[in-house]
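**Student:** Okay, handing you the structure first.
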Amino acid sequence: MKPLLELKNVCYAYHSRAGETPALKDISFQVRQGEFIAVVGPSGCGKSTLLSLISGLLVPESGSVLFADGDGGGARREVAADSALREKIGYMLQKDHLFEWRTVYRNVTLGLEIQHRLNEENRAKIEKMLRDYGLERFRDARPSELSGGMRQRAALIRTLALGPELLLLDEPFSALDFQTRLAVCNDVSAILHREKKTALLVTHDLSEAVSMADRILVLTKRPAQIQNILELKFEEPGLSPLARRNTREFQEYFNLLWEEMNDHV
Ligand code: ADP
Ligand code: MG
(Lines give C-alpha, C1' and ligand atoms only; values in the text may rest on other atoms or scores of the structure.)
(Ligands and ions follow the chains in the order given, each with its own letter.)
Protein backbone atom coordinates (compact mmCIF):
# COMPACT_ATOMS: atom_id res chain seq x y z
CA MET A 1 0.00 0.00 0.00
CA LYS A 2 1.20 3.48 -0.80
CA PRO A 3 2.01 5.65 2.21
CA LEU A 4 -0.42 8.40 3.14
CA LEU A 5 2.42 10.76 3.89
CA GLU A 6 5.98 10.78 2.69
CA LEU A 7 8.82 13.13 3.51
CA LYS A 8 11.77 13.03 1.16
CA ASN A 9 15.06 14.63 2.19
CA VAL A 10 13.36 17.58 3.85
CA CYS A 11 15.66 20.39 4.98
CA TYR A 12 14.67 23.61 6.70
CA ALA A 13 16.46 26.58 8.27
CA TYR A 14 15.12 29.78 9.86
CA HIS A 15 16.68 32.97 8.59
CA SER A 16 16.90 36.19 10.53
CA ARG A 17 19.17 39.20 10.59
CA ALA A 18 21.23 37.45 13.26
CA GLY A 19 21.90 34.62 10.83
CA GLU A 20 20.75 31.18 9.92
CA THR A 21 19.32 28.55 12.29
CA PRO A 22 19.27 25.15 10.62
CA ALA A 23 16.33 23.25 12.12
CA LEU A 24 15.86 20.09 10.06
CA LYS A 25 18.36 18.20 7.98
CA ASP A 26 17.57 15.52 5.45
CA ILE A 27 14.42 14.09 7.01
CA SER A 28 12.86 11.16 5.17
CA PHE A 29 10.13 8.82 6.38
CA GLN A 30 6.75 7.43 5.42
CA VAL A 31 3.49 7.14 7.33
CA ARG A 32 0.81 4.60 6.47
CA GLN A 33 -2.92 5.20 6.67
CA GLY A 34 -4.17 4.71 10.23
CA GLU A 35 -0.74 4.75 11.81
CA PHE A 36 0.03 6.59 15.04
CA ILE A 37 3.53 8.07 15.07
CA ALA A 38 5.10 9.70 18.11
CA VAL A 39 7.94 12.17 17.57
CA VAL A 40 10.49 12.63 20.35
CA GLY A 41 13.75 14.54 20.51
CA PRO A 42 15.66 17.05 22.65
CA SER A 43 13.99 20.36 23.39
CA GLY A 44 14.54 22.85 20.55
CA CYS A 45 15.62 20.18 18.05
CA GLY A 46 12.98 20.99 15.45
CA LYS A 47 9.88 18.93 16.35
CA SER A 48 7.37 21.77 16.00
CA THR A 49 9.12 22.84 12.81
CA LEU A 50 8.61 19.33 11.45
CA LEU A 51 4.85 19.49 12.08
CA SER A 52 4.63 22.96 10.52
CA LEU A 53 6.32 21.63 7.39
CA ILE A 54 3.96 18.66 7.21
CA SER A 55 0.94 20.96 7.65
CA GLY A 56 2.16 23.21 4.84
CA LEU A 57 2.53 26.26 7.11
CA LEU A 58 6.24 26.21 6.30
CA VAL A 59 7.74 25.27 2.96
CA PRO A 60 10.83 23.01 2.86
CA GLU A 61 14.02 24.64 1.63
CA SER A 62 14.78 21.45 -0.19
CA GLY A 63 13.13 18.05 -0.37
CA SER A 64 9.40 17.45 -0.38
CA VAL A 65 6.37 16.65 1.76
CA LEU A 66 3.95 14.45 -0.18
CA PHE A 67 0.44 13.62 0.94
CA ALA A 68 -1.91 11.13 -0.68
CA ASP A 69 -5.28 12.53 -1.56
CA GLY A 70 -7.76 9.94 -0.31
CA ASP A 71 -10.31 10.67 -3.04
CA GLY A 72 -7.68 10.91 -5.72
CA GLY A 73 -6.89 7.20 -5.82
CA GLY A 74 -3.73 7.70 -3.84
CA ALA A 75 -2.04 10.24 -6.08
CA ARG A 76 0.43 12.07 -3.88
CA ARG A 77 0.98 15.77 -4.13
CA GLU A 78 3.11 18.45 -2.49
CA VAL A 79 1.35 19.77 0.61
CA ALA A 80 2.87 23.25 0.44
CA ALA A 81 1.58 23.87 -3.09
CA ASP A 82 -1.96 22.63 -2.59
CA SER A 83 -4.51 24.36 -0.37
CA ALA A 84 -7.21 21.70 -0.90
CA LEU A 85 -4.76 19.12 0.38
CA ARG A 86 -3.83 21.24 3.40
CA GLU A 87 -7.48 21.27 4.48
CA LYS A 88 -7.25 17.52 5.04
CA ILE A 89 -4.58 18.03 7.66
CA GLY A 90 -5.62 19.01 11.17
CA TYR A 91 -2.95 20.78 13.19
CA MET A 92 -3.31 21.21 16.90
CA LEU A 93 -0.63 23.63 18.00
CA GLN A 94 1.31 23.54 21.24
CA LYS A 95 -0.80 26.42 22.60
CA ASP A 96 -4.55 25.81 22.43
CA HIS A 97 -5.29 29.20 20.80
CA LEU A 98 -8.85 29.35 22.07
CA PHE A 99 -10.35 32.82 21.68
CA GLU A 100 -11.51 34.39 24.92
CA TRP A 101 -14.08 36.57 23.15
CA ARG A 102 -15.91 33.52 21.85
CA THR A 103 -17.84 30.91 23.82
CA VAL A 104 -16.64 27.31 23.87
CA TYR A 105 -19.23 26.42 21.24
CA ARG A 106 -18.19 29.25 18.98
CA ASN A 107 -14.55 28.29 19.43
CA VAL A 108 -15.06 24.69 18.37
CA THR A 109 -17.12 25.73 15.34
CA LEU A 110 -14.62 28.36 14.24
CA GLY A 111 -12.67 26.22 11.77
CA LEU A 112 -15.84 25.03 10.04
CA GLU A 113 -17.16 28.59 9.98
CA ILE A 114 -14.02 29.80 8.22
CA GLN A 115 -14.26 27.00 5.68
CA HIS A 116 -18.01 27.67 5.17
CA ARG A 117 -18.82 24.11 6.21
CA LEU A 118 -20.89 24.72 9.33
CA ASN A 119 -23.89 22.75 8.07
CA GLU A 120 -26.48 20.57 9.79
CA GLU A 121 -24.36 17.42 9.59
CA ASN A 122 -21.25 19.05 11.02
CA ARG A 123 -23.22 20.76 13.79
CA ALA A 124 -24.58 17.36 14.84
CA LYS A 125 -21.03 15.97 14.86
CA ILE A 126 -19.90 18.79 17.13
CA GLU A 127 -22.86 18.29 19.48
CA LYS A 128 -21.92 14.66 19.84
CA MET A 129 -18.28 15.42 20.55
CA LEU A 130 -19.23 18.03 23.15
CA ARG A 131 -21.32 15.36 24.89
CA ASP A 132 -18.69 12.64 24.55
CA TYR A 133 -15.92 14.87 25.92
CA GLY A 134 -17.93 16.22 28.82
CA LEU A 135 -18.07 19.79 27.56
CA GLU A 136 -21.77 20.07 26.85
CA ARG A 137 -22.48 22.00 30.05
CA PHE A 138 -19.74 24.47 29.16
CA ARG A 139 -20.80 25.26 25.62
CA ASP A 140 -21.69 28.85 26.55
CA ALA A 141 -18.73 29.34 28.90
CA ARG A 142 -15.62 31.32 27.99
CA PRO A 143 -12.31 29.46 27.65
CA SER A 144 -10.97 31.08 30.85
CA GLU A 145 -13.69 29.26 32.82
CA LEU A 146 -12.37 25.86 31.73
CA SER A 147 -9.71 23.69 33.35
CA GLY A 148 -6.52 22.91 31.39
CA GLY A 149 -7.88 19.49 30.45
CA MET A 150 -11.15 20.92 29.21
CA ARG A 151 -9.40 23.57 27.12
CA GLN A 152 -7.33 20.83 25.52
CA ARG A 153 -10.43 18.81 24.74
CA ALA A 154 -12.11 21.88 23.24
CA ALA A 155 -9.08 22.46 21.02
CA LEU A 156 -9.19 18.83 19.98
CA ILE A 157 -12.89 19.01 19.08
CA ARG A 158 -12.22 22.09 16.98
CA THR A 159 -9.49 20.19 15.12
CA LEU A 160 -11.48 16.96 14.68
CA ALA A 161 -14.60 18.87 13.59
CA LEU A 162 -12.88 19.61 10.29
CA GLY A 163 -12.69 15.88 9.61
CA PRO A 164 -8.97 15.79 8.91
CA GLU A 165 -7.41 12.70 7.34
CA LEU A 166 -4.15 13.41 9.10
CA LEU A 167 -3.89 14.83 12.58
CA LEU A 168 -0.80 16.69 13.81
CA LEU A 169 -0.61 17.11 17.58
CA ASP A 170 2.12 19.25 19.15
CA GLU A 171 2.55 18.36 22.84
CA PRO A 172 -1.23 18.50 23.28
CA PHE A 173 -1.15 17.14 26.82
CA SER A 174 1.75 19.09 28.28
CA ALA A 175 -0.47 21.57 30.17
CA LEU A 176 -2.37 18.82 31.96
CA ASP A 177 -1.71 17.35 35.37
CA PHE A 178 -0.59 13.74 35.35
CA GLN A 179 -3.93 12.20 36.28
CA THR A 180 -5.90 14.14 33.66
CA ARG A 181 -3.22 13.50 31.13
CA LEU A 182 -3.51 9.72 31.42
CA ALA A 183 -7.28 9.96 31.02
CA VAL A 184 -7.16 12.37 28.08
CA CYS A 185 -4.50 10.23 26.35
CA ASN A 186 -6.80 7.24 26.66
CA ASP A 187 -9.74 9.21 25.26
CA VAL A 188 -7.80 10.64 22.36
CA SER A 189 -6.32 7.28 21.48
CA ALA A 190 -9.77 5.65 21.50
CA ILE A 191 -11.20 8.41 19.30
CA LEU A 192 -8.36 8.20 16.81
CA HIS A 193 -8.65 4.42 16.56
CA ARG A 194 -12.41 4.52 16.26
CA GLU A 195 -12.22 7.08 13.49
CA LYS A 196 -9.19 5.36 11.92
CA LYS A 197 -7.25 8.61 11.87
CA THR A 198 -3.60 8.84 11.03
CA ALA A 199 -1.72 10.92 13.57
CA LEU A 200 1.66 12.38 14.41
CA LEU A 201 2.13 13.32 18.04
CA VAL A 202 5.05 15.40 19.27
CA THR A 203 5.78 14.77 22.93
CA HIS A 204 8.65 15.14 25.37
CA ASP A 205 7.14 12.43 27.57
CA LEU A 206 8.73 9.12 26.64
CA SER A 207 6.13 7.08 28.52
CA GLU A 208 3.38 8.86 26.60
CA ALA A 209 5.09 7.98 23.31
CA VAL A 210 5.42 4.31 24.26
CA SER A 211 1.85 4.11 25.55
CA MET A 212 0.28 5.57 22.40
CA ALA A 213 2.35 5.00 19.28
CA ASP A 214 2.76 2.34 16.62
CA ARG A 215 6.17 3.77 15.80
CA ILE A 216 8.39 6.34 17.48
CA LEU A 217 10.49 8.73 15.46
CA VAL A 218 13.57 9.67 17.46
CA LEU A 219 15.19 12.93 16.38
CA THR A 220 18.74 14.10 17.08
CA LYS A 221 19.54 17.49 18.53
CA ARG A 222 19.23 20.50 16.23
CA PRO A 223 19.39 20.43 13.29
CA ALA A 224 17.14 17.41 13.68
CA GLN A 225 17.94 14.31 11.73
CA ILE A 226 16.30 10.94 12.17
CA GLN A 227 18.30 9.05 14.74
CA ASN A 228 16.10 5.99 14.79
CA ILE A 229 12.58 4.79 14.15
CA LEU A 230 11.36 2.36 16.82
CA GLU A 231 8.57 0.01 15.87
CA LEU A 232 6.47 -0.99 18.87
CA LYS A 233 4.96 -4.45 18.99
CA PHE A 234 2.79 -5.58 21.88
CA GLU A 235 1.88 -9.22 22.35
CA GLU A 236 -1.73 -8.21 22.85
CA PRO A 237 -2.92 -5.90 20.08
CA GLY A 238 -5.35 -3.03 20.54
CA LEU A 239 -4.45 -2.17 24.14
CA SER A 240 -5.40 1.26 25.45
CA PRO A 241 -2.52 3.54 26.51
CA LEU A 242 -3.33 2.85 30.17
CA ALA A 243 -3.34 -0.90 29.64
CA ARG A 244 -0.06 -0.72 27.73
CA ARG A 245 1.58 0.84 30.76
CA ASN A 246 1.09 -2.42 32.66
CA THR A 247 2.83 -4.64 30.14
CA ARG A 248 6.33 -6.06 30.11
CA GLU A 249 6.92 -4.61 26.64
CA PHE A 250 6.15 -1.11 27.92
CA GLN A 251 9.08 -1.25 30.34
CA GLU A 252 11.39 -2.64 27.68
CA TYR A 253 10.51 -0.04 25.08
CA PHE A 254 10.70 2.74 27.64
CA ASN A 255 14.22 1.69 28.63
CA LEU A 256 15.23 1.32 25.01
CA LEU A 257 13.97 4.81 24.21
CA TRP A 258 15.61 6.24 27.32
CA GLU A 259 18.99 4.83 26.26
CA GLU A 260 18.44 5.96 22.71
CA MET A 261 17.85 9.53 23.87
CA ASN A 262 20.69 9.62 26.39
CA ASP A 263 23.33 8.04 24.17
CA HIS A 264 23.23 11.04 21.95
CA VAL A 265 22.97 13.94 24.37
P1 ADP B 1 11.08 21.92 19.27
O2 ADP B 1 9.63 21.95 18.92
O3 ADP B 1 11.74 20.61 19.00
O4 ADP B 1 11.33 22.35 20.68
P5 ADP B 1 11.26 24.01 17.25
O6 ADP B 1 10.91 23.30 16.00
O7 ADP B 1 10.23 24.88 17.86
O8 ADP B 1 11.85 22.97 18.33
O9 ADP B 1 12.53 24.94 16.98
C10 ADP B 1 13.73 24.41 16.42
C11 ADP B 1 14.78 25.51 16.43
O12 ADP B 1 14.41 26.56 15.54
C13 ADP B 1 14.98 26.17 17.79
O14 ADP B 1 16.35 26.37 17.97
C15 ADP B 1 14.25 27.47 17.69
O16 ADP B 1 14.88 28.45 18.48
C17 ADP B 1 14.35 27.80 16.21
N18 ADP B 1 13.16 28.52 15.77
C19 ADP B 1 11.88 28.11 15.89
N20 ADP B 1 11.02 28.99 15.34
C21 ADP B 1 11.78 30.00 14.87
C22 ADP B 1 11.51 31.21 14.18
N23 ADP B 1 10.25 31.55 13.86
N24 ADP B 1 12.56 32.01 13.84
C25 ADP B 1 13.82 31.66 14.14
N26 ADP B 1 14.15 30.52 14.78
C27 ADP B 1 13.16 29.69 15.14
MG1 MG C 1 7.92 22.51 20.05
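**Student:** Could you grab the relative contact order for the stretch 150-265? Cα pairs under 8 Å, six or more apart, rounded to a whole percent.
**Tutor:** Over the stretch 150-265, the number comes to 23 percent.
**Student:** Right, here's the next one. Let me check against my output: what whole-number percent is the relative contact order of the chain, with C-alpha pairs under 8 Å and at least 6 apart?
**Tutor:** Dividing the mean separation by the residue count of the chain yields 25 percent.
**Student:** Another question, if that's okay. Quick one: which residues, 5+ away or cross-chain, put their amide H under 5 Å from the amide H of GLY34? H built at 1.01 Å from N.
**Tutor:** The answer is THR198.
**Student:** Right, something else. Excluding same-chain residues fewer than 8 positions from LYS2, which lysines have a Cα within less than 19 Å of its Cα?
**Tutor:** Candidates past the 8-residue exclusion: LYS88, LYS196, LYS197.
**Student:** Can you check what the Kirkwood hydrodynamic radius comes to for the stretch 117-198, Cα pairs only, in Å to one decimal?
**Tutor:** Averaging 1/r across every pair of different Cα atoms and inverting gives 13.4 Å.
**Student:** Accessible area per residue, 1.4 Å probe, Å², for the stretch 1-128: what's the number?
**Tutor:** I get 50 Å² per residue for the stretch 1-128.
**Student:** When you take every Cα atom in the stretch 174-265, what is the radius of gyration, and what is Dmax, the widest Cα pair distance, in Å?
**Tutor:** Taking only Cα atoms of the stretch 174-265, I get Rg and Dmax of 13.4, 38 Å.
**Student:** Just to check I understand the Karplus step: with θ = phi - 60° and J = 6.51 cos²θ - 1.76 cosθ + 1.60, what whole-Hz values come out for the stretch 211-217, glycine and proline as x?
**Tutor:** Here the 3J(HN,Hα) series is 7, 10, 8, 8, 9, 10, 8 Hz.
**Student:** Considering only GLY90, SER62, SER16, whose Cα is most displaced toward the positive end of the charge dipole of the stretch 1-97, charges sitting on Cβ of Lys, Arg (+1) and Asp, Glu (-1)?
**Tutor:** SER16
**Student:** Add +1 for every Lys or Arg and -1 for every Asp or Glu among the other residues with Cβ under 14 Å from the Cβ of THR21, and state the total.
**Tutor:** That sum, taken over residues with Cβ under 14 Å, equals +2.
**Student:** Suppose all protein chains stay in the model; what accessible area per residue would a 1.4 Å probe give for the stretch 172-232, in Å²?
**Tutor:** It amounts to 39 Å² per residue over the stretch 172-232.
**Student:** Next question, about the same structure. So what's the net charge close to LEU217: Lys and Arg +1, Asp and Glu -1, counting the other residues with Cβ under 13 Å from its Cβ?
**Tutor:** Surrounding charge for LEU217 is -2.
**Student:** Inverting the mean 1/r over all pairs of different Cα atoms, compute the Kirkwood radius of the chain and quote it in Å.
**Tutor:** 19.2 Å
**Student:** Right, another one. Under unit Cβ charges (Lys, Arg +1; Asp, Glu -1), what dipole magnitude, rounded to 20 debye, does the stretch 177-265 have relative to its Cα centre?
**Tutor:** 280 debye
**Student:** Return the single residue from THR247, THR198, THR220 with maximal mean-square fluctuation; model: Gaussian network over the chain, springs between Cα atoms under 10 Å.
**Tutor:** Most flexible of the set in this elastic network: THR247.
**Student:** How large is the charge dipole for the stretch 1-53, taken about the Cα centre, if only the Cβ atoms of Lys, Arg (+1) and Asp, Glu (-1) carry charge, to the nearest 20 debye?
**Tutor:** 40 debye
**Student:** List, in order, the whole-Hz ³J(HN,Hα) value for each residue of the stretch 133-145 obtained from phi through the Karplus relation with A = 6.51, B = -1.76, C = 1.60 and θ = phi - 60°; use x for Gly and Pro.
**Tutor:** Running phi through 6.51 cos²θ - 1.76 cosθ + 1.60 with θ = phi - 60° gives 9, x, 10, 4, 5, 9, 4, 9, 7, 8, x, 5, 8 Hz.
**Student:** Hey, got the dipole for the chain? About the Cα centre, +1 on K and R Cβ, -1 on D and E Cβ, debye to the nearest 20?
**Tutor:** It works out to roughly 520 debye.
**Student:** When Rg is the radius of gyration of the Cα atoms in the stretch 1-151 and Rh is its Kirkwood radius, what does Rg/Rh come to?
**Tutor:** 1.02
**Student:** For the chain, modelled as a Gaussian network with Cα springs under 10 Å, which listed residue fluctuates most, SER240, SER55, SER16?
**Tutor:** Greatest mean-square fluctuation among the candidates belongs to SER16.
**Student:** What net charge is computed for the residues neighbouring GLY90, neighbours being all others with C-beta under 15 Å from the C-beta of GLY90, Lys and Arg scored +1, Asp and Glu -1?
**Tutor:** Net charge around GLY90: +3.
**Student:** Using the beta-carbon distance between GLN115 and SER16 and R0 = 41 Å, what value does 1/(1 + (r/R0)^6) give for FRET efficiency, to the nearest 0.05?
**Tutor:** Efficiency at R0 = 41 Å is approximately 0.80.
**Student:** While we're on this one: So if each residue of separation counts as 0.36 nm, and I subtract the Cα-Cα distance between ALA141 and GLN179, what length gain in nm does that give?
**Tutor:** 11.3 nm
**Student:** Run the accessible area of the stretch 1-145 with a 1.4 Å probe and give the carbon-and-sulfur part as a rounded percent.
**Tutor:** Carbon with sulfur: 50 percent of the solvent-accessible area.
The values are calculated or read from the model by the stated rules, or taken from the named source; none is laboratory data. A quick note: this is a predicted structure, and the numbers were derived from the prediction, not measured. Here Cβ is always computed from backbone atoms with ideal geometry, including for glycine, and neighbour counts include all displayed protein chains. Quick note on the areas: whole protein, heavy atoms, side chains included, nothing else; ligands and nucleic acids left out. Shrake-Rupley method; radii C 1.70, N 1.55, O 1.52, S 1.80 Å.
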